[in-house]
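First, the structure itself, so that you have it in front of you.
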Amino acid sequence: MRTSTEHGVELDRISARITELSAEKARIDAELAASTEELRKVFETKMMDHFWPGRPGPHRTNLADTTTATEIACLLRISERTAHRLVQYSALLVNYHPRTLTALRDGTISWPHATTLLHEYLGLPHHAAARLEEALLPIAADTTVSRLSYRARQLRTQLHPEALEERARTAAQGRRVDFEPADDAMAWLHVHLPATDAAAIDARLTSTARALQAPTERRTLPRLRTDILTDLLLGEPERQDGIPGPDSGPVAPDGYPVRAHINVTVPVLTLLGVDDAPADLEGYGPIPADLARRLAAHAPSFTRLLTHPETGAVLSVGRTTYTVPADLKKWLRVRDRTCRHPGCSVPAARCELDHTTPWSRGGPTSHDNLAHLCRKHHMLKSEGLWHYDQPAPGTLVATSPAGRTYACDLEPPPF
């Protein structure tokens, strides 16, 4: 049995190793940032000069950022949003805030600390950003990210030459709602809006939920808050018992309140109640069979997706027309499900149908020469940066600006 002294030595060893690994991770993150910016500069100079020698500077920079992000996303198998943030942070660290980059490389701060600092530097004149950097680096080396963020907001307000009221009005133009899939038929809904509105909404949800709490109420406060928000947005009136929404989810007087247009692909045997295979919610994935049947029961109409020539689907119109027929569009939307660029998860409903071999070069309007690309990746193809081939129907091979190839196979069927 070990003595307390031996336990102390072991704990010291483990603690030292964790600290050492954390510093090494910070150094690697710093080198990754430096290499990312190096790649961006190559795209901005050599490749942009080759493709568009006459384009103005800002356009070249923006296109170089986007091109680098698409390349990094495939290399690291991360989302393009994450890759784009890495490109932006890397450019700021290398070109404008080398002191912060040095602190990261030395292991004094972590990558989350560095990105928090960069977020606070943004929008400040160079001299004010330098003062903020000087004030915050010692704090960052000795505190958590959340405390650093709080201190940074205070200092930034003091140093910013523009009044907070003006900045708040400008920032409010960027308000948005984002959808993020989660596991087990759940999802997150993120809302970016003015802090006063967010605080007021949060307070109202809490007060309304507390008013509904009673000895017979089985739902917890977080679940009540969620049900209230769901019922308000989906337009359900308060029911006779005064409680908006049941424990199993929002239900309207007609049984189900979802009135926004959504696409759910349901196996026919599931629809008939013979099987319980999950359905597929477009842009998300599998949802339970009983939920799909409840949605179908209140659907105003059905669209039969014809997926085989024997069933009557138009899978090709050859060279007779550039326009894609409606039933072929529906078939391709179900087949592709998302943008077909490697790693892109933009739902097919928000994408554009692209002729893999362009119509102008003899490409037919057929299922084996059509694929969904989101606007960004469609633009990158049109600009000649990314190239696509379709060796088999629905299977795309993407070639990056750096010459790397990525096979983009179809997702397996949802059921």
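Matching residues to (1) surrounded by fewer than 21 Cβ atoms within 10 Å (Cβ to Cβ); (2) out of contact with any Gly (no Cβ under 8 Å at 6 or more places or on another chain); (3) in a loop (DSSP other than H, G, I, E, B); (4) modelled with pLDDT under 95:
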residue	(1), (2), (3), (4)
A34	yes, yes, no, no
E38	yes, yes, no, no
M48	yes, yes, no, yes
P53	yes, yes, yes, yes
H59	yes, yes, no, yes
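For the list (1) surrounded by fewer than 13 Cβ atoms within 10 Å (Cβ to Cβ); (2) part of a loop (DSSP other than H, G, I, E, B); (3) in the same structural domain as A198 (by TED's automatic domain parsing); (4) at pLDDT 75 or above, I need the number of the one condition that L233 fails.
Failing condition for L233: (2).
Residues in the stretch 125-139 that are closer than 15 Å to N95 by Cα and out of contact with any Phe, Trp or Tyr (no Cβ under 8 Å at 6 or more places or on another chain): how many?
The total comes to 3.
Being surrounded by 12 or more Cβ atoms within 10 Å (Cβ to Cβ) and not in a strand (DSSP E or B) is the filter here; which residues of the stretch 176-206 pass it?
A185, L193, P194, D197, A198, I201, R204, L205, T206 - these are the residues of the stretch 176-206 that are surrounded by 12 or more Cβ atoms within 10 Å (Cβ to Cβ) and not in a strand (DSSP E or B).
All but one of (1) part of a loop (DSSP other than H, G, I, E, B); (2) under 19 Å from I72 (Cα atoms) hold for E411; state the number of the condition that does not hold.
(2)
Can you tell me which residue in the stretch 57-101 is nearest to V42 (Cα to Cα), limited to those that are in contact (Cβ under 8 Å) with a residue 60 or more places away in the chain and among the hydroxyl-bearing types (S, T, Y)?
Per the stated criteria, the residue is T67.
I've got another one for you. If you scan the stretch 183-198, which residues turn out to be touching a residue at least 24 places away in the same chain (Cβ under 8 Å) and either within 30 Å of A289 (Cα to Cα) or in the same structural domain as P288 (by TED's automatic domain parsing) (or both)?
Across the stretch 183-198, the qualifying residues are A185, A187.
Something else now. What single numbered condition from (1) part of a helix (DSSP H, G or I); (2) surrounded by 13 or more Cβ atoms within 10 Å (Cβ to Cβ) fails to hold for V397?
The failed condition is (1).
Something else about it: With respect to A326, is the statement that it is aliphatic (A, V, I, L, M) and buried (at least 20 other Cβ atoms within 10 Å of the Cβ) true?
No; evaluated as a whole, the condition is false for this residue.
Continuing with this model, one more query. Based on what the data block shows, is L380 of a type in the set (A, V, I, L, M, F, W, C), in a helix (DSSP H, G or I) and over 30 Å from T270 (Cα atoms)?
Yes, satisfied.
Can you pull out the residues in the stretch 349-367 that are assigned to a helix (DSSP H, G or I) and either hydroxyl-bearing (S, T, Y) or under 19 Å from W386 (Cα atoms) (or both)?
Residues satisfying the conditions are W359, S360, R361.
Mind telling me which of the residues E133, E180 ends up being assigned by TED's automatic domain parsing to the domain that holds T108, in contact with a Leu (Cβ under 9 Å, 6 or more places away or on another chain) and acidic (D, E)?
E133
Please state which one of P215, P161 is out of contact with any strand residue (DSSP E or B) (no Cβ under 8 Å at 6 or more places or on another chain), over 26 Å from V346 (Cβ atoms), assigned to a loop (DSSP other than H, G, I, E, B) and in the same structural domain as S22 (by TED's automatic domain parsing).
Result: P161 is the single residue among P215, P161 that is out of contact with any strand residue (DSSP E or B) (no Cβ under 8 Å at 6 or more places or on another chain), over 26 Å from V346 (Cβ atoms), assigned to a loop (DSSP other than H, G, I, E, B) and in the same structural domain as S22 (by TED's automatic domain parsing).
The values are calculated or read from the model by the stated rules, or taken from the named source; none is laboratory data. Computed from a predicted model, the values in this text were never measured in an experiment. As a convention, Cβ positions derive from the backbone with ideal geometry for all residues, glycine included, and neighbour counts pool all protein chains shown.
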